[in-house]
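As structure tokens, the structure follows; a few thoughts come after it.
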Amino acid sequence: MDWLVANWAFVAQLTLTHLGIVIIPLIVGSVIAIAGARVVPTRWVPSTTAALGAVYAIPSLALFVTLPALIGTDFIGPTNVVIALSIYVVASMFFSARDAFNQVPTSTTTTATALGMSRLQLFLHVELPMAVPGLITGLRVVAASTVSMASIGAVVGVRNLGYLFVDGFQRRIPEEIITGIGAVFVIALVFDVGLWLVGRVLTPWRIRGDARV
Amino acid sequence: MIEFRHATKNYGNVVALHDFSATIPSRTITVLMGLSGSGKTTAIRMVNKMVLPTSGQVLIDGEDVATRDAVQLRRSIGYVMQDVGLLPHKTVLQNVALIAVIAGQTRDEAERNARAMLSLVGIDPASFERFPSQLSGGQQQRVGVARALATKPNILLMDEPFGAVDPIVREELQVELCRIQRELGLTILFVTHDRHEALTIADQLIVMSNAGAIEQSGSPQELTAKPANDFVRKILGL
Amino acid sequence: MFDFAELAAWFADSTNWDGRYGLWFLLAEHLVLSLGAILLAAVVALPLGTLIGHTGKGEFAVIGLGSVSRAVPTMGLLFALVLLFGVEQRDLSLILALTAIAIPPLLAGTFSGISTIPWSIRDSATAQGMTGLQRIRHVELPLATPSIVGGFRIAFIHVVSTVVLAPLVGLGGLGFGIVQGLTVRNYAQVLASSLVIIATTVIGDQLLGWVQRRTGSRLVEHQTTEKS
């Protein structure tokens, strides 16, 4: 860990960039996915799901370098990466969000509507809160993937924690790479635990259940 | 003949069955009747070693089941439960024939026997190639019984088999069961909490309360004429 | 905006398809590496997942492994292994990394497929007199097949994506065009290679999806109806 101690400030800087690259896609992507999951008409869902599924399969590096041709961003630099990561978040969260909303019992929503709630009130006061457990689970999964996938951005010039891998490999410094892996892992863990806590706070009515599928 | 001798089952601190002793005569229908927690499911599952007694014994024709190999024992006893548990990825015919094939019968022989059992329980041959989800609840139960009979057992264990079926079909199935029992000379141990069902099919009726305590045991006529206590009176609706 | 004529010209140029670093070879190399690693991982993960699903013990390990594996950066893992085992052994390191990446989804798919089989089906199979192995063969594995194929699908996506990074440690695969193209600023090469990669992954994923649906349609959903 001498390497980390010696290069502490540098790693911190890379960490900040990494967080920036990751937070925007997570927030923007989730909002789009959650809204989309609720709003997309049922007859369009199969094709949307199929399209998103296909996009999700695309390797991140390939997407990072294909987007420039499609939307005119630079090949090198963070813009690509942020957009690509957002797309992955949307793809992944769309599935989770649909599952989460489908699990809200129809008896609950029907009753609420019968009591006179508008569509928007229903969404904000009933569906969304009850979908929170499923949404949080989906978010935890997607956050971990996004944090680790973002490191590949270093190949297209993003100065985040992935840079520790590239640089460490070129200069043959294993400690640098290990530090990078550790840092990414810790950040992913922080997101995971943080989201879990948020979930607990938002759903005080839930009794801790089995983790079984 | 099946015999329970002081059969007891504890799960940690929970007593599921306590000191249960009873004799189930051959070639009859014996009904274990009680509410939830009376230990009736635990007792019946001891017969085919799905539950192992903490103490006490279960004997079949004088032989302690503990000495018998579980797999062979189960193949010689039919078991039917409320959720049926038919394999969704196999046809009705395959479901009934499967265990016979596993036990070593040839496919032809097993299928011939399966067809016979399915006809016996009243399933139309047109349904033999269907999948379980294409059948109604009552039909699925019939297939479950056919499957239990496929290995030609002498003993049939039935744990609330008709519980999920609607009342009219349920009565039909009860009548069919009595017919099949007489035709094949089966020893049936039947668990239920439905009083009408118990009184209709039982040759011997054992009323159980907490963890296997026997409140009364005898023929349905005896119990309805002379209920031993309030519990029996209430549970039989007298 | 990007010059698509340049891209078309790149594809039309046969030298880009032939030879050790031509698209055909790289594609074959990419697929062989990916499928080889997935098969290796399956040899470990499928029996293990079956055992854990069948016995019900060790479930926490599967779930824990799943969460942990998502958080580990594949590029870091690959680079670390190559440095660890030495550059001469980098093929080995790549295979090791790929196998490690493929195991968690295969394990999860197998375990989840078996553990979500309704208890009544498993119980009645035992009560019929099936041995554990017979239950695995006739009941658990057939019913778990769609989920297992789903695991292969996810493993395929992750492994193929990681092989894209292989040129960064001096190995081959379709990522070569991207890495070299970025270095020499030949963006036609970059885009062309990435399009081939995208086509390969999407086609493979769709194919596996089709298989998954086919194996699922033979298994009719377990339902009890109450009408007579």
- Item | Cα long-axis angle, helix C:90-115 against chain C (0 to 90 degrees, to the nearest 10) | 30
- Determine the sum of side-chain charges near residue B:3: Lys and Arg each +1, Asp and Glu each -1, restricted to other residues whose C-beta is under 11 angstrom from that of residue B:3. -2
- Set Lys and Arg Cβ to +1 and Asp and Glu Cβ to -1, take the dipole of chain C about its Cα centre, and tell me which of C:215, C:54, C:193 lies farthest positive. C:54
- Dipole magnitude (debye, nearest 20) for the protein assembly as shown, charges at Cβ of Lys, Arg, Asp, Glu: 560
- If you place +1 on the Cβ of every Lys and Arg and -1 on the Cβ of every Asp and Glu, how big does the dipole about the Cα centre of region C:1-89 come out, in debye to the nearest 20? 560
- Task: Could you please rank B:194, B:69, placing first whichever residue has the fewest other Cβ atoms within 10 Å of its Cβ?
- Result: B:69, B:194
- Please report the relative contact order for region B:14-125, taking Cα pairs under 8 Å with a sequence separation of at least 6, and give it as a percent rounded to a whole number. 13
- Is there a simple number for the mean count of other chain Cβ atoms within 10 Å of the Cβ of residues in B:89-95, and what is it? 3
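Under a Cβ-Cβ cut-off of 15 Å, what is the net charge of the residues other than residue A:161 that fall near it, where Lys and Arg count +1 and Asp and Glu count -1?
So the surrounding residues net to -2.
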- Query: Could you state the number of Å between the C-alpha centres of region B:210-236 and region C:1-29?
  - Reply: 87
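Loop-only check: which trypsin sites (Lys or Arg not before Pro) in region C:26-104 are DSSP coil with at most 10 other Cβ within 10 angstrom?
Here the sparse-neighbourhood loop sites are C:57.
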- Neighbour-count order for C:79, C:152, fewest beta carbons within 10 angstrom listed first: C:152, C:79
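If we count other beta carbons within 10 Å of each Cβ, what is the order of B:196, C:158, fewest first?
Going from sparsest to densest Cβ surroundings: B:196, C:158.
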- Along the charge dipole of region A:169-208, which of A:170, A:187, A:198 sits closest to the positive end, that is, farthest toward it, with unit charges on the beta carbon of Lys, Arg, Asp and Glu (+1, +1, -1, -1)? A:198
- Query: What average count of beta carbons from other chains do you get within 10 Å of the Cβ of residues in C:62-73?
  - Reply: 6
- Electrostatic dipole magnitude of region A:1-153 [Cβ: Lys, Arg +1; Asp, Glu -1; Cα centre; debye, to 20]: 440
- Task: Post the alpha-carbon centroid distance, region B:107-145 to region A:56-112, in whole angstrom.
- Result: 48
- What is the Cα centroid distance between region B:5-33 and region C:99-138, reported in whole angstrom? 32
- Message: If R₀ is 45 angstrom, what is the calculated FRET efficiency for the pair residue C:207 and residue A:111, using the beta carbon separation as r and rounding to 0.05?
- Response: 0.50
- Item | Around residue A:173: net Lys/Arg minus Asp/Glu count, Cβ-Cβ under 14 Å | -2
- Partner shielding of C:124-137, as the mean number of partner chain Cβ atoms within 10 Å, equals 6
- Using a Gaussian network model of chain C whose springs link C-alpha atoms within less than 10 Å, name the residue from C:120, C:93, C:161 with the highest mean-square fluctuation. C:120
- FRET efficiency for residue C:6 and residue C:84, Cβ-Cβ distance as r, R0 = 56 Å, nearest 0.05? 0.85
- Given the candidates B:232, C:132, B:210, the one whose Cα lies deepest towards the positive end of the charge dipole of the protein assembly as shown, counting +1 at each Lys or Arg C-beta and -1 at each Asp or Glu C-beta, is B:232
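Every number in this text was worked out from the coordinates using simple rules, so none of it is lab data. Remember, predicted model here, so these are calculated numbers, not experimental data. No Cβ is skipped: glycine too gets one built from the backbone with ideal geometry, and neighbour counts run over all protein chains shown.
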